[in-house]
Amino acid sequence: MHATSSGKSTRPYFKDIIRLIRVKQWVKNGFVLAPLLFTGQFTDRASVVSALTALVLFCLASSATYIVNDLKDIDRDRLHPKKSLTRPLAAGRITTQWAFFILAIIYVCLAIGYFVEPAVVLVILGYIALNILYTFKLKHQPVLDIFTISLGFVLRVFAGAVALNAPVSGWMFITTLCLALYLAAVKRGQELTLHGTEGREVLSKYRKSLVDRYAEMSATCALVFYSMFVMASRPELMISVPFVLFGLFRYWYVVEMLDGGESPTDALLTDLPLIITIAAWCAACLWALWPN
């Protein structure tokens, strides 16, 4: 594991491990903190600790699913013009033995996490099972593929609620589902635009016009359901609705004009107006929900 016959070390560089476990993608796990924000428990130290623990556990779990996916798709990724360079396994910068070793460490950490937040880890087990189904079967099934991805975000919100032992409005779950469907549909659309049907097997079963309609419907539903959630459960959050609307518009601009929709994470981390909008939305929610 540590050296080849020529004596050259095969230990992966730290930056390759970072790429393998997709640290940049951890931003998606911010959905775990949504219940902490909307229940107003962000001023309670114990609640914050529980929510952050759930966040860390979900980051580990999501990294595990990325590793399993890369191990499954290693041969296909080696033929992809971009993934063959950016994914350490496909590029040969990390061996499969090292990938399995890192995966085992993550699973051990999650097992230890069960003794800290058992209910959260049970939700995470459901997330891992869902992603294994996705990796080996569901990602090749049209419509089911984007719904599976989106359910992963709903489970993130659910894990955050379980960590706080707090009920969460059904409006929040359906809003999360619709927003995730929007992002997933946009991603599929950009993959079709930039790479045709070569990037993923399931893309041959879609048309750009179809996924565009999926995205439009999901974005509309996300805005409507978020507004209904605010009016029904948290009327003080009406101030945040314009930020949500602007964020959807700005993200669509990034996708259509800047070709940024293939990776929602990259769009989020590189587009300054989008970053400012999300920060302003968070600030507005905190201001509205801060205890008197």
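The values are calculated or read from the model by the stated rules, or taken from the named source; none is laboratory data. Note that the structure is predicted; figures quoted are calculated from it, not measured. Neighbour counts are summed over all protein chains in view; Cβ atoms, including those assigned to glycine, are modelled from backbone coordinates with ideal geometry.
Regarding segment 209-231, can at least one residue be identified that is without any contact (Cβ under 8 Å) to a residue 12 or more places away in the chain, outside any helix (DSSP H, G or I), out of contact with any Cys (no Cβ under 7 Å at 6 or more places or on another chain) and not assigned by TED's automatic domain parsing to the domain that holds residue 76? Break it down into steps so the answer makes sense when it comes.
Let us first name the residues in segment 209-231 that are without any contact (Cβ under 8 Å) to a residue 12 or more places away in the chain, namely 209-210, 213, 216-217, 220, 224, 230-231.
If we keep only those that are outside any helix (DSSP H, G or I) too, we end up with none.
Taking every residue of segment 209-231 in turn, none turns out to be without any contact (Cβ under 8 Å) to a residue 12 or more places away in the chain, outside any helix (DSSP H, G or I), out of contact with any Cys (no Cβ under 7 Å at 6 or more places or on another chain) and not assigned by TED's automatic domain parsing to the domain that holds residue 76.
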So which residues in segment 12-22 are assigned to a helix (DSSP H, G or I), touching a residue at least 12 places away in the same chain (Cβ under 8 Å) and closer than 16 Å to residue 105 by Cβ? 16, 17, 20
Residue satisfying condition, being assigned by TED's automatic domain parsing to the domain that holds residue 265, of a type in the set (A, V, I, L, M) and crowded, with 22+ Cβ neighbours inside 10 Å, within set 180, 163: 180
Are any of the residues in segment 275-288 assigned by TED's automatic domain parsing to the domain that holds residue 190 and outside any helix (DSSP H, G or I)? no
List every residue pair whose Cβ atoms lie under 7 Å apart, where the two residues are 6 or more positions apart in sequence or sit on different chains, the first residue falls within segment 139-167 and is under 26 Å from residue 188 (Cβ atoms), and the second residue, located anywhere, is aliphatic (A, V, I, L, M) and not in a helix (DSSP H, G or I). 157/168
Count of residues meeting criterion [farther than 11 Å from residue 186 by Cβ and of a type outside the set (Gly, Ala, Ser)] in segment 209-223: 6
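Taking helices (runs of 4 or more DSSP H) that do not extend beyond segment 43-162, which have at least 2 residues that are farther than 18 Å from residue 24 by Cβ and at pLDDT 95 or above? Before you say what the answer is, go through the steps one by one.
Values: elements: 45-72, 74-77, 83-86, 88-91, 96-114, 118-136.
It comes to 45-72, 96-114, 118-136.
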Under the condition of being in contact with a helix residue (DSSP H, G or I) (Cβ under 9 Å, 6 or more places away or on another chain) and among the small types (Gly, Ala, Ser), which residue from segment 70-102 is farthest from residue 202 (Cα to Cα)? 99
